[in-house]
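Please read the structure below before turning to the comments.
Each reported figure results from applying straightforward, stated rules to the coordinates on display, with no laboratory input. From a predicted model like this one, the values you see are computed outputs, not experimental measurements. Note that we place each Cβ from the backbone using ideal geometry, even for glycine, and neighbour counts take in every protein chain shown.
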Amino acid sequence: MGEEFTPQSNRAILIGVALPGMPSWEAEDSLDELGRLADTAELAAVDRIIQPRRRIDPAQYIGKGKAAELKQLAIEREADMIVFDNDLSPAQMRNLENIIKRRILDRSAVILDIFSRHARTHTAQIQVELAQLNYLLPRLTRYWTHLSRQAGGGAIRGMGSAGVRGPGETQLEIDRRLIRRQINTLQAKLKKIGKQMETTRKNRSGIFKVALVGYTNAGKSTLMRALSGSDVLVQDQLFATLDSTTRAVDLDSRHKILLTDTVGFIKRLPHHLFASFRATLEEAVEADLLLHVVDLSFPHCESQIDTVNKVLLDLGLEDRPTLTVYNKADQVDPGRAEQTIAAYATHEHAIAVSAAKRLNLDALREKILSYSVAEELTLDLQVPQAEGRLLAHLHQQGEILEESYIDNEVCLRVRLEKTWAERWQLQRFIAN
Ligand SMILES: Nc1nc2c(ncn2[C@@H]2O[C@H](COP(=O)(O)OP(=O)(O)OP(=O)(O)O)[C@@H](O)[C@H]2O)c(=O)[nH]1
Ligand SMILES: [Mg+2]
């Protein structure tokens, strides 16, 4: 295709398209966020454009004229990449590449790249690679270099490298077949991992489970650290956390919960990532209570809340008991964190805290406790004395309200967690 182009640097121009009905702050916020994503992916944004359009051009998303202007701008700004804030179809990407002669990336590609950089564990790596390959498959063109020469997971970074003289059609077919085969292998692996995770979760039944969910960078891991004392990774970066981490946390001397930190959400989360990370997100699906962590210092945090709620809806979690934790109260109005916290004190299902400054965390623990206590039952039981282990557990985990003995049986009135009662199948011992 004529002009050859080999990317030299990571200089990128960011472009967002504003469609009618979209408030201007929304397009700005979204492009700011793309800037942060680009930064995390180690791209240097040298320019940014918001292009108002009445509708999307099916051929190349933006108009042909605008694409030609972009080409000129890329030359002037010495940019090697154009990053679209919107998701492009494989055909739009190819058409833009042909006009602009630069590597074209979209939001999904950047997010996939960040995920592949941040994936530390085996499971996360498999999940990311699967998402990448699914994204890649319809986008393979003969501009692609031979896949077998590409190191598996990092394939996306080579995406759409316009002008890199690739192999012919036959090679392309081989590449496609290789990718399909790899997708099948990864899917099988993930299925196995999913089963193992399920078993681990089953073994944990009987303890009140709480999951931290929320927009990326809201402070979930910081809160996990503050509540559990574990040293999970905290970073001022998007998608610092990709794996679920679960820790036991004592709310008080009698109440233990399992707290899970997991991957954050973002606007327009790539569909393939969402599908691949299903196994990781199952941790949230199993929770008795969700802590929806919100960055209160972000000016349009309501729109992030909406995004998270949509993902929760996709996961079928819209009816799950949820406590909204407005975090970063220290940053909203510096020096007046206490006032911010007080403003939320009367909310039934919300609370304001600062995870980093450890403000109002006792109240948060109490609030979590109130949800877990609501899940408690008072039972009148008649347990044979021979059930020594069960009796010991009942004394440890439950609150014994009354206790007496008849023949070889212990009669107990005990208050304990519903899940725990189910685990030990206590209905067998209910006194009549
Ligand atoms: N000022 C202030 N900063 C906070 C607070 N909580 C977290 N942060 C900062 O916010 C940034 C993101 O925190 P994380 O805990 O990594 O956020 P996360 O929600 O786990 O993010 P991902 O794992 O990327 O989805 C870090 O720089 C934290 O130090 C807070 O209460 N106040
Ligand atoms: Mg995190």
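Using Cα pairs closer than 8 Å and at least 6 residues apart in sequence, work out the relative contact order for the stretch 376-429, in percent. The partial results should precede the final answer.
Details: 77 pairs, mean separation 24.3, N = 54.
Computed over the stretch 376-429, the figure is 45 percent.
Along Cα→Cβ, 7 Å out, is where each label goes; now give me the distance between the ones at Ala363 and Leu233 in nm to one decimal.
About 3.3 nm, to one decimal.
Sort the following peptides by mean Cβ neighbour count (other Cβ atoms within 10 Å, averaged over residues), highest first: 401-410, 206-215.
Details: 401-410: 11.2, 206-215: 24.0.
Descending packing order for the listed peptides: 206-215, 401-410.
Mind computing the radius of gyration and Dmax over the alpha-carbon atoms of the stretch 11-158? Å is fine for both.
15.4, 46
Could you tell me how far the Cα centroid of the stretch 380-432 sits from the Cα centroid of the stretch 292-310, in Å?
The distance from the Cα centre of the stretch 292-310 to that of the stretch 380-432 comes to 44 Å.
In Å and on Cα atoms, what radius of gyration and Dmax does the stretch 190-230 show?
Gyration radius and largest Cα-Cα distance of the stretch 190-230: 13.4, 33 Å.
How far apart, in nm, are two points set 7 Å out from the Cα along the Cα-to-Cβ line at Lys418 and at Ala345?
Taking the simple label geometry, Lys418 and Ala345 are separated by 3.1 nm.
Got a sec? How would Cys411, Cys301 order by Cβ neighbour count within 10 Å, fewest to most? Kindly include the intermediate steps, with their values, before the conclusion.
Details: Cys411 15, Cys301 18.
Going from sparsest to densest Cβ surroundings: Cys411, Cys301.
If I take the Cα coordinates of the stretch 166-276 and project them onto the principal axes, what are the three extents in Å, biggest first?
67, 33, 22
What percentage of all Cα-Cα pairs in the stretch 35-74 are separated by more than 15 Å?
Details: 418 of 780 pairs.
Distances greater than 15 Å cover 54 percent of the Cα pairs.
Suppose R0 equals 35 Å. What FRET efficiency, 1/(1 + (r/R0)^6) with r the Cβ-Cβ distance, do Ser253 and Gln427 give to the nearest 0.05?
On the way: r = 28 Å, r/R0 = 0.79.
That gives a FRET efficiency of 0.80.
Report the Cα centroid-to-centroid distance between the stretch 11-86 and the stretch 112-131 in angstrom, as an integer.
Result: 26 Å between the Cα centres.
What FRET efficiency do you get for Gln396 and His271 if R0 is 51 Å and r is their Cβ-Cβ distance, rounded to the nearest 0.05?
Numbers: r = 46 Å, r/R0 = 0.90.
E(calc), rounded to 0.05, equals 0.65.
Can you give me the distance in nm between label points at Asn408 and Ile193, each placed 7 Å from the Cα along the Cα-to-Cβ direction?
Result: 5.1 nm between the two label points.
Pairs of Cα atoms under 8 Å, at least six residues apart: use those to get the relative contact order of the chain, whole percent. Before the final figure, lay out the partial values.
Details: 744 pairs, mean separation 49.2, N = 432.
Reported as a whole number, the value is 11 percent.
Take the Cα radius of gyration of the stretch 261-381 and divide it by 2.2 N^0.38 Å, with N its residue count; two decimals is plenty. Display every interim value, and only then the final one.
Details: Rg = 16.1 Å, N = 121, 2.2 N^0.38 = 13.6 Å.
Compactness ratio reported: 1.18.
Principal axis lengths of the stretch 376-429 from Cα atoms, whole Å, largest first?
Largest first, the stretch 376-429 extends 29, 19, 18 Å along its Cα principal axes.
Angle check, please: helix 90-100 long axis (alpha carbons) against the longest principal axis of the chain (alpha carbons), in degrees 0 to 90, nearest 10.
So the inclination is approximately 40 degrees.
For the Cα atoms of the chain, what angle does the longest principal axis make with the long axis of helix 107-118, in degrees from 0 to 90, nearest 10?
60 degrees
Relative contact order, percent, of the stretch 250-361 when contacts are C-alpha pairs under 8 Å separated by at least 6 residues? Show your work: numbers first, answer last.
On the way: 122 pairs, mean separation 23.5, N = 112.
RCO, the stretch 250-361: 21 percent.
How large is the charge dipole for the chain, taken about the Cα centre, if only the Cβ atoms of Lys, Arg (+1) and Asp, Glu (-1) carry charge, to the nearest 20 debye?
On the way: 56 positive and 58 negative charges, 391 e Å.
Using only the charged Cβ atoms, the result is roughly 1880 debye.
Going by how many other Cβ atoms sit within 10 Å of their own, how do Val383, Val293 line up, fewest first? Could the numbers behind the result be given before it?
Numbers: Val383 20, Val293 29.
Ascending number of Cβ neighbours within 10 Å: Val383, Val293.
Among Glu282, Glu198, which comes first, second and so on when ranked by fewest other beta-carbon atoms within 10 Å? Show your work: numbers first, answer last.
Details: Glu282 17, Glu198 13.
Least crowded to most crowded, the residues run Glu198, Glu282.
Under unit Cβ charges (Lys, Arg +1; Asp, Glu -1), what dipole magnitude, rounded to 20 debye, does the stretch 215-361 have relative to its Cα centre?
Details: 14 positive and 20 negative charges, 50 e Å.
So the magnitude is around 240 debye.
Report the equivalent ellipsoid semi-axes for the chain in whole Å, largest first, defined as the square roots of five times the eigenvalues of the gyration tensor built from alpha carbon atoms.
Details: eigenvalues 507, 139, 47 Å².
In descending order, the three semi-axes are 50, 26, 15 Å.
Can you give me the long-range amide H partners of Arg103? Hydrogens built in the peptide plane at 1.01 Å from N, cutoff under 5 Å, separation of 5 or more residues or another chain.
Here Ile82, Ala162 satisfy the definition.
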